Structures are given as C-alpha cells and as structure tokens.
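In what follows, a structure is listed as structure tokens, so that the remarks can point back to it.
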Amino acid sequence: QVQVVESGGGLVQPGGSLRLSCVVSGNEFSNSIMEWYRKAPGNQREWVAQITARGRVYYEDSMKGRATISRDNAKNTCYLDLHNLQPEDTAVYYCKQVSTNSWGQGTQVTVSS
C-alpha cells in the first residue's frame, strides 16, 4: 500500500512563504503524475497544481506566480513552494499520487497576522 506523507505547513504572516513536502512510498514515484490540492473550511477540496512524470507543470489560475511545484525522484518527494501567501490561502493542503489514487493526511497552512 502506498503511503503519502505531507509536511511543511504552519502559521505564516500575509506575504510570507512556505515549502510543503510530500514523500511517497513505493517504486512508482518517478513515473507518477503528482498533484496538490487544498481544502479550506466550508469549501470543497480544490486542485492547486500538477507535475507530470516528465516535469511539466500546471497551476490553478489563482496560484500562478505564487506557487511552484517540483519533484525530486531520487527522494520520492514532491514539493509545493508557496509565496506571497494571503489569508484566503488558509487550508489543509493534500498531496496525491495520481496513478494509485493515493492521498496523504494533509498539512495545515494558516495565513494570519
């Protein structure tokens, strides 16, 4: 069974930055599409970004220019760098390995002064 473990969330002031990490077990990571989602209180979970096995990246419109998704196949790790965070970015951020439909438990990001 694939395990997905996110980390890196926390409390940050408006305008701040965070790096979220997602470590995935198993041997399929390097061939996998990876995605990040987020769920804010009272909202449905929404897609944030995707990186393909070849490194092509895609972003939700509101995150373009403020988020960078990347991967390190040697470490089975996917990253989401978040910049210029705003209170509306407060949410639990989730990582997903698309090929196995495996999700992590999420990491909380709170943006507040």
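Things to note:
- Vicinal HN-Hα couplings computed from phi for segment 12-20 (Karplus, 6.51 cos²θ - 1.76 cosθ + 1.60; Hz; Gly/Pro x): 9, 6, x, x, x, 10, 9, 10, 9
- Pairwise FRET efficiency - L11 versus N31, Cβ, R0 = 25 Å, nearest 0.05: 0.10
- Ordering D89, D81 by accessible surface, largest first, gives D81, D89; the 1.4 Å probe counts only protein heavy atoms, with every chain in place.
- Label separation (V98 vs A53): 1.1 nm, computed from points 7 Å beyond Cα along the C-beta direction.
- For the chain, the relative contact order comes to 38 percent (Cα pairs under 8 Å, sequence separation of at least 6).
- In this view, the solvent-accessible surface of K64, computed with a 1.4 Å probe and all protein chains in place, comes to about 120 Å².
- The share of accessible area on the chain that comes from carbon and sulfur is 45 percent, using a 1.4 angstrom probe.
- Summed over the residues of the chain and divided among them, the accessible surface reaches 53 Å² per residue at a probe radius of 1.4 Å.
- R0 of 35 Å, Cβ-Cβ distance S113-D72: FRET efficiency to nearest 0.05: 0.60
- Euclidean distance between Cα centres, segment 1-35 to segment 56-113, Å: 7 Å
- Cross-link partners for K39 among the aspartates and glutamates, with Cα-Cα distance under 19 Å and sequence neighbours closer than 8 places in the same chain left out: E6, E60, D61, D81, E88, D89.
The values are calculated or read from the model by the stated rules, or taken from the named source; none is laboratory data. This is a predicted model, so every value here is computed, not measured. Every residue, glycine as well, gets a Cβ built from its backbone with ideal geometry; the counts of neighbours run over all protein chains shown. Accessible surface areas use protein heavy atoms only, side chains included; no ligands, DNA or RNA. Shrake-Rupley method; radii C 1.70, N 1.55, O 1.52, S 1.80 Å.
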